[in-house]
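Student: Take this structure first; my questions come after.
The values are calculated or read from the model by the stated rules, or taken from the named source; none is laboratory data. On a predicted model such as this, the values are computed, not experimentally measured, just so you know. Note: ideal-geometry Cβ built from the backbone for every residue, glycine included; neighbour counts use all protein chains shown. These accessible areas exclude ligands, DNA and RNA; they are computed on the full protein's heavy atoms, side chains included. Shrake-Rupley method; radii C 1.70, N 1.55, O 1.52, S 1.80 Å.
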2 protein chains.
Amino acid sequence: MGFPAEVRIVEVGPRDGLQNEKTDIGTAAKIELIDRLSRTGLRSIEATAFVSPKWVPQMADAAQVLAGIHRDPAIAYPVLVPNEQGYERARAAGAQEVAVFTAASEAFNLKNTNATIDQSLERFRPVLERAAADGVRVRGYVSTVLGCPYQGAVPLADVVRVSRSLHAMGCYEISLGDTIGIGTPEKARAMLKAVAAEVPMPALAIHFHDTYGQALANVLACLEQGVAVVDSAVSGAGGCPYAKGASGNVASEDVVYMLHGLGIRTGIDLDALAGTGRWLAGLLGRETGSKAGKALAAQ
Amino acid sequence: MGFPAEVRIVEVGPRDGLQNEKTDIGTAAKIELIDRLSRTGLRSIEATAFVSPKWVPQMADAAQVLAGIHRDPAIAYPVLVPNEQGYERARAAGAQEVAVFTAASEAFNLKNTNATIDQSLERFRPVLERAAADGVRVRGYVSTVLGCPYQGAVPLADVVRVSRSLHAMGCYEISLGDTIGIGTPEKARAMLKAVAAEVPMPALAIHFHDTYGQALANVLACLEQGVAVVDSAVSGAGGCPYAKGASGNVASEDVVYMLHGLGIRTGIDLDALAGTGRWLAGLLGRETGSKAGKALAAQ
């Protein structure tokens with residue numbers, strides 16, 4: 001049992017969440033969402049993505065979003081960039097932290113980015129070099145760490161290799177994503193353990209989707225292993241492009257409720273977070289995807 | 001790490017689930033639900049309750065339900081009885097297993113049954129004596145084991161005392177219920193550990209509601225402690241009378257998905273179970289409350 005004393009939540013609702021929602025809440029609401037989240041005690045909020053609007057129209061307003069938010073100097077607002085061009089746009093818009101992404105599954109990476117994993121990594125090299133020169137921190141996402149919708153099982157060795165490469169290239173944190181939410185606790189724990197043998201645990205984050213309802217149990221298993229950074233989305237925003245109608249990211253409120261119950265500090269005001277989740281759900285035209293958020297409202 | 005090799009699921013959807021649903025699916029559908037569940041590999045299905053129709057109108061058709069189902073001799077169909085009168089009605093209807101219930105919280109028991117815990121236990125004594133003479137197995141439910149909507153915290157010593165009493169009186173299994181779904185993993189684990197010091201682990205079951213989204217994580221923590229019986233409801237049926245609109249029992253499908261992922265045998269056909277859950281959700285006029293059930297349908 002090695003629970004950390006403190007966990008940092010990386011709130012990914014404004015990006016990973018909204019990118020996978022059918023309803024576009026609009027630029028002003030995105031800005032308000034981030035500003036509301038900034039007042040909950042969160043220290044990391046993934047704000048948007050500088051990706052091609054042709055492929056991801058939901059994020060076409062990335063520069064406006066970044067220009068519109070009230071940035072709290074104590075909070076990091078990473079933005080996703082797929083390549084050097086995205087990095088340039090992000091920097092021109094004032095981004096001070098970026099995130100790059102690749103899959104651990106070769107099949108997924110080819111389908112998703114039309115590049116092999118090695119080609120993706122090479123594409124990130126100049127981003128990481130420029131970021132280092134600019135004093136910009138870079139987060140690295142590794143997706144499909146517990147399974148792939150195309151190739152099925154993903155060898156642990158591939159997850160380890162990609163994680164190690166991103167870390168060696170200069171990513172300060174590697175976020176390990178169960179993109180299709182297919183994992184269960186022992187598999188999550190074994191995956192984290194394997195990666196942690198090559199990348200120091202303080203440089204690792206977990207990013208679990210709740211497609212099969214397993215995310216919080218998987219988070220628990222990984223906390224026991226000592227991970228201290230958890231990605232989640234307020235209101236459980238998002239969905240799964242590979243399973244229509246399925247659940248999205250694990251809900252930040254449910255994660256925070258569990259962490260506080262475990263005596264783990266987060267610095268987050270759960271009531272404020274849950275209120276923001278219900279407000280967002282209203283904009284998305286549905287009930288909050290957080291059970292804790294729903295229960296807190298009923299109290 | 002002490003995961004059991006095999007877990008028995010006690011399916012409580014037809015009773016605990018439907019009792020707390022707003023929609024009454026009717027007697028014929030209740031019978032069909034139990035018959036469908038009987039074909040999924042489940043070995044324990046809580047069928048109904050012989051309680052006062054004045055207080056629980058949803059269960060007024062208990063005798064018809066029990067008479068209508070096709071009983072598989074390999075499956076136990078426990079029914080809830082609040083007292084000797086309920087026991088007589090249950091036996092007259094052919095029940096071969098019954099369940100009695102009390103809270104660990106004095107305040108909850110008074111509100112819920114108008115009796116102190118000791119009065120409840122005394123009320124069960126003749127039930128257990130007659131059941132022993134009749135060769136009828138009796139399950140014991142202890143509710144509010146991780147918190148009470150009226151008194152707040154519930155001392156572990158009270159949970160232990162009530163559990164020990166029910167076991168000593170002859171209950172073959174004690175189901176420990178987080179009635180308001182307020183617990184988190186370490187508290188669940190500590191509660192189970194305290195009870196298991198007085199009642200043998202093989203005689204214990206866990207019964208968690210998902211009000212705050214914590215149920216599956218709590219199940220995981222208790223499995224690690226060695227518990228091998230888990231109560232759950234197909235489609236996450238039910239709700240929380242103490243938090244309107246909140247989630248109900250942990251969904252059987254999500255529990256089984258996790259157990260199978262952990263390499264733990266259940267004997268259950270997950271696809272059949274998930275199909276039954278979606279069928280039930282249709283009758284209840286909503287989406288299935290099981291995320292695994294939803295994802296499996298989207299595959």
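Student: Which value, in Å² rounded to 10, gives the accessible area of A:Asp24 with a 1.4 Å probe and all protein chains present?
Tutor: Surface open to solvent at A:Asp24 totals about 100 Å².
Student: Here's a follow-up. What residues have an amide H closer than 5 Å to that of B:Tyr141, excluding those fewer than 5 places away on the same chain, when H is modeled at 1.01 Å from N in the peptide plane?
Tutor: B:Val100, B:Phe101, B:Thr102, B:Ser175
Student: Nearest 0.05, what FRET efficiency do B:Lys111 and B:Arg43 give at R0 = 51 Å with Cβ-Cβ as r? Provide the component values of the computation, followed by the final result.
Tutor: Numbers: r = 34 Å, r/R0 = 0.66.
That pair, B:Lys111 with B:Arg43, gives E of 0.90.
Student: Give me the inter-chain shielding for B:215-222: mean count of other chain Cβ atoms within 10 Å, whole number please.
Tutor: Mean partner shielding for this stretch: 6.
Student: When chain A is modelled as a GNM with alpha-carbon springs shorter than 10 Å, which of A:Ala62, A:Ala47, A:Ala74 fluctuates the most?
Tutor: Maximum among the listed residues: A:Ala74.
Student: While we're on this one: Defining a contact as two alpha carbons under 8 Å apart and six or more residues distant in sequence, what relative contact order in percent does region B:8-298 show? Let's see the in-between values first.
Tutor: Numbers: 621 pairs, mean separation 52.7, N = 291.
The value is 18 percent.
Student: Cut-off 10 angstrom, C-alpha nodes, Gaussian network model of chain B. Which of B:Glu173, B:Glu224, B:Glu11 fluctuates the most?
Tutor: Comparing B:Glu173, B:Glu224, B:Glu11 in a Gaussian network model of chain B, the most mobile one is B:Glu224.
Student: Using heavy-atom solvent-accessible surface (probe 1.4 Å) with all chains present, what is the largest-first order of B:Met59, B:Met169?
Tutor: Details: B:Met59 0, B:Met169 35 Å².
Ranked list, largest accessible area first: B:Met169, B:Met59.
Student: Let me ask something else about it. May I ask what percent, to the nearest 5, of DSSP beta bridges between residues of chain B are antiparallel? Walk me through the numbers before you get to the answer.
Tutor: Details: 2 of 33 bridges.
Approximately 5 percent, going by the DSSP bridge assignments.
Student: How big is the gap, in Å, between the Cα center of region B:177-197 and the Cα center of region B:15-53?
Tutor: For region B:177-197 versus region B:15-53, the Cα centre distance is 26 Å.
Student: Place the label 7 angstrom along Cα→C-beta at B:Ala92 and in each other copy, then list the distances from the first to the rest in nm, shortest first.
Tutor: 8.3
Student: Sorted from shortest, what are the nm distances separating the label point of B:Arg164 from equivalent points in the other copies, each placed 7 Å from Cα along Cα to C-beta?
Tutor: Label point to label point, same position, other copies: 5.4 nm.
Student: Considering only the other residues whose Cβ falls under 11 Å of the Cβ of A:Lys193, what net charge follows from Lys and Arg at +1 and Asp and Glu at -1? Walk me through the numbers on the way to the answer.
Tutor: Numbers: positive: A:Lys187, A:Arg189; negative: A:Glu186, A:Glu198, A:Glu224.
The answer is -1.
Student: Top to bottom by accessible area (1.4 Å), largest first, where do B:Tyr242, A:Tyr77 land?
Tutor: Working: B:Tyr242 70, A:Tyr77 15 Å².
From most accessible down to least: B:Tyr242, A:Tyr77.
Student: Related question: Would you please give the residues with an amide H less than 5 Å from that of B:Thr48, counting only those at least 5 places away or on a separate chain, with H modeled from the backbone geometry?
Tutor: Here B:Leu80 satisfy the definition.
Student: Counting only trypsin sites (Lys or Arg not before Pro) that sit in a DSSP loop (anything but H, G, I, E, B) with at most 11 other Cβ atoms within 10 Å, what is the longest stretch of chain A containing none of them? Display every interim value, and only then the final one.
Tutor: Working: sites that count: A:Lys22, A:Lys54.
The answer is A:55-299.
Student: Going by the rotation axis that takes chain A to chain B, pick out the residue of A with the closest C-beta and quote the gap in whole Å.
Tutor: Rotation axis A onto B, closest Cβ, rounded to whole Å: A:Ala217, 2.
Student: With Cβ to Cβ distances under 15 Å as the rule, what net charge do the other residues near A:Lys54 carry (K, R +1; D, E -1)? Each step should come with its number before you reach the end.
Tutor: Numbers: positive: A:Arg89; negative: A:Asp61.
Result for the neighbourhood of A:Lys54: 0.
Student: Pick out which of B:Gly289, B:Gly226, B:Gly68 has the largest mean-square fluctuation in a Gaussian network model of chain B, springs linking Cα atoms closer than 10 Å.
Tutor: Of B:Gly289, B:Gly226, B:Gly68, the Gaussian network model singles out B:Gly68 as fluctuating most.
Student: Residues of region A:230-247 with backbone nitrogen within less than 17 Å of a virtual label 7 Å along the Cα-to-Cβ line of A:Glu287, please, listed as ranges.
Tutor: Inside the label zone: A:235-238, A:245-247.
Student: Let me ask something else about it. From Cα pairs below 8 angstrom and at least 6 apart in sequence, can you work out the relative contact order of region A:160-299, rounded to a whole percent? Walk me through the numbers before you get to the answer.
Tutor: Values: 231 pairs, mean separation 27.1, N = 140.
Reported relative contact order: 19 percent.
Student: So, in Å, what gap is there between the alpha-carbon centers of region B:119-169 and region A:203-229?
Tutor: 36
Student: While we're on this one: Given a Förster radius of 41 Å and the C-beta distance between B:Thr23 and A:Ala190 as r, what FRET efficiency does 1/(1 + (r/R0)^6) yield to the nearest 0.05? Numbers along the way, then the final one.
Tutor: Values: r = 42 Å, r/R0 = 1.03.
Between B:Thr23 and A:Ala190 the formula returns 0.45.
Student: Over all distinct Cα pairs, what is the inverse of the mean 1/r for the protein assembly as shown, reported as the Kirkwood hydrodynamic radius in Å? Intermediate results must be reported in sequence, preceding the final value.
Tutor: Details: mean 1/r = 0.0404 Å⁻¹.
Mean inverse Cα-Cα distance, inverted, gives 24.7 Å.
Student: Something else: Which distances in nm, rounded to one decimal and ordered from shortest, link the label point of B:Asp35 to the equivalent label points in the other identical copies, with labels set 7 Å from Cα toward Cβ?
Tutor: The answer, with the shortest distance listed first, is 6.0 nm.
Student: Sticking with this structure for a sec: Could you sort B:His260, B:His207 by accessible area so the largest value comes first, with the probe set to 1.4 Å? List each step's numbers first, then the result.
Tutor: On the way: B:His260 75, B:His207 15 Å².
I get B:His260, B:His207, largest accessible area first.
Student: Using a 1.4 Å probe, what is the accessible area per residue for region B:161-206, in Å²? Please list the in-between numbers first.
Tutor: Working: 1440 Å² over 46 residues.
For region B:161-206, the solvent-accessible area averages 31 Å² per residue.
Student: A follow-up question, please. Over the protein assembly as shown, what is the percentage of antiparallel beta bridges among all DSSP beta bridges, to the nearest 5?
Tutor: Details: 4 of 66 bridges.
Taking every DSSP beta bridge within the protein assembly as shown, about 5 percent pair in antiparallel fashion.
Student: For region B:8-298, rounded, prolate or oblate, judged on the Cα gyration tensor with a ≥ b ≥ c (square roots of eigenvalues), a/c < 1.5 rounded, else prolate if a/b > b/c?
Tutor: On the way: a/c = 1.40, a/b = 1.11, b/c = 1.26.
Rounded, because the longest to shortest axis ratio a/c is under 1.5.
Student: Would you mind checking B:Lys30/B:Lys193; A:Lys294/B:Lys291; A:Lys22/A:Lys193; A:Lys187/B:Lys30; A:Lys291/B:Lys294 for any pair whose Cα atoms are more than 27 angstrom apart? Don't skip to the end; give the middle numbers.
Tutor: Numbers: B:Lys30/B:Lys193 36 Å; A:Lys294/B:Lys291 16 Å; A:Lys22/A:Lys193 36 Å; A:Lys187/B:Lys30 37 Å; A:Lys291/B:Lys294 16 Å.
B:Lys30/B:Lys193; A:Lys22/A:Lys193; A:Lys187/B:Lys30, as the Cα separations exceed 27 Å there.
Student: PRE reach from A:Asp72 (point 7 Å along Cα→Cβ): which of region A:221-265 fall under 15 Å by backbone N?
Tutor: The answer is A:234, whose backbone nitrogens lie closer than 15 Å to the label point.
Student: Let me ask another. Between chains B and A, what is the buried accessible area summed over both chains (1.4 Å probe, protein heavy atoms, nearest 100 Å²)? List each step's numbers first, then the result.
Tutor: Values: alone 12040 and 12090 Å², together 21230 Å².
Chain pair B/A: roughly 2900 Å² of buried accessible area.
Student: Same structure again: I need the shape label for region A:1-154. Rule: rounded when a/c is under 1.5, else prolate if a/b > b/c, else oblate, with a, b, c from the alpha carbon gyration tensor.
Tutor: Details: a/c = 1.40, a/b = 1.28, b/c = 1.09.
Here region A:1-154 falls in the rounded category.
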